[in-house]
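Since the structure comes first, as structure tokens, the remarks are kept for the end.
The values are calculated or read from the model by the stated rules, or taken from the named source; none is laboratory data. These numbers were taken from a predicted model, which means no experiment stands behind them. Here the Cβ positions follow ideal geometry from the backbone for every residue, glycine too, while neighbour counts run over all protein chains shown. In case anyone asks, the SASA skips ligands and DNA or RNA and just uses the protein heavy atoms, side chains included. Shrake-Rupley method; radii C 1.70, N 1.55, O 1.52, S 1.80 Å.
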Amino acid sequence: MVFDHVGESRTIPDMNVGLLLLSAGSGSRFGGEVPKQYIAVGGQALMLHTLEHLAAEPRIALVQPVIAAGDSYFASLVAGLSFPFTLLPPVVGGATRAHSMQQGLLALPADIDLVAVHDAARPLPSKRLLGDVIDTAARYGAAVPGLAVHDTIKRVDSDGRVLETPARESLRAVQTPQVARREWFHKALRCEQERLQLHTDDASLLEAAGFDVYVSEGDAANRKITTPADMAWLADRLQQS
């Protein structure tokens, strides 16, 4: 459901938000021996840029990292560092995004009101974006940040034949963090347990289970670093800031 919110006041300023920081992907599109989230850019690992930007939102009470099996980088990266949120010990993710999210969710303490799920490879979530998506989820139960689509989009079949041209006014390119009530995520995982591999984001899991998801305002700078070209963009962006 598309419902863009701009400039609305916060509804629950003292809520506890637990954020799952997903870092268990293979990074096959990026390549290289070192996972992209641990590559140094702008003087420090990409992952540290992500953690620093998440620290700007005071309602994020804790961060639960979800890492790949055999990850030998994370512990040494954060050793001796402190953040305004509690950084929990990492848990190992699963074969798909939804399985990784499930592992992180199970590790959260009981006093969390809302759960946010964020890609570790999105290092520049702004304070405004974080505040807006949390506000919207607090108000409606679930929210994702999204950007209007300016290109014309075609839906095609396996042969490339155009099947449909959706009206772009109703389309959004969604980002993370994707935020929902904790119990909604638990119920959605139970409902979709046999189809978790089909869900490429957290909102689609909620939608399939019958929950309404609203779209808050995204940010073009909240870009996911997927390829070396994305990393070059990030380096330039950090140099300019």
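Would you tell me the accessible area of residue 153, worked out with a 1.4 angstrom probe on the heavy atoms of the protein chains, in Å² to the nearest 10? Residue 153 has an accessible surface of roughly 70 Å² with all protein chains in place. In this structure residue 190 has an accessible area near 150 Å², from a 1.4 Å probe over the protein heavy atoms.
Once every DSSP H run of n ≥ 4 in the chain is given -39500 (n - 2.57) and the sum is divided by its residues, what mean residue ellipticity at 222 nm do you get, rounded to the nearest 500 deg cm²/dmol? Walk me through the numbers on the way to the answer.
Numbers: 7 runs with 69 residues, N = 241.
Calculated at 222 nm, the ellipticity per residue is -8500 deg cm²/dmol.
Using heavy atoms of the protein chains and a probe of 1.4 Å, the accessible area assigned to residue 227 is about 50 Å². Backbone amide hydrogens, once placed in the peptide plane, bring residue 215 within less than 5 Å of 3, 144, excluding anything fewer than 5 places away on its chain. Within the set of other residues whose C-beta is less than 12 Å from the C-beta of residue 212, count the net charge using Lys and Arg as +1 and Asp and Glu as -1. Every neighbour counted, the sum reads +1. When the Gaussian network model of the chain links Cα atoms closer than 10 Å, the mean-square fluctuations of 102, 44, 178 top out at 44.
Apply the a/c threshold of 1.5 to the C-alpha gyration tensor of the chain and tell me whether it is rounded, prolate or oblate.
Details: a/c = 1.30, a/b = 1.13, b/c = 1.15.
Here the chain falls in the rounded category.
Please enumerate, by chain and number, the lysines with C-alpha under 20 Å from the C-alpha of residue 36, excluding those fewer than 8 residues away in the same chain. Cross-link targets: 224. Could you tell me which of rounded, prolate or oblate describes region 104-241, using a ≥ b ≥ c as the square roots of the eigenvalues of the alpha-carbon gyration tensor, with rounded for a/c under 1.5 and, failing that, prolate when a/b is larger than b/c and oblate otherwise? Because a/c hits 1.5 or more and a/b fails to exceed b/c, region 104-241 counts as oblate.
Using a 1.4 angstrom probe with every protein chain in place, what is the largest-first accessible-area order of 241, 23?
On the way: 241 120, 23 10 Å².
Final ranking, largest accessible area leading: 241, 23.
In order along region 170-180, the phi-based Karplus estimate (6.51 cos²θ - 1.76 cosθ + 1.60, θ = phi - 60°) of 3J(HN,Hα) comes to 9, 9, 9, 8, 8, 10, 10, x, 9, 10, 7 Hz; Gly and Pro are listed as x. What share of the DSSP beta bridges in the chain is antiparallel, in percent to the nearest 5? Among the beta bridges of the chain, antiparallel pairing accounts for roughly 40 percent. Largest accessible area first, the listed residues 127, 36, 187, 224 line up as 127, 187, 224, 36 when surface is computed with a 1.4 Å probe on the assembled protein chains.
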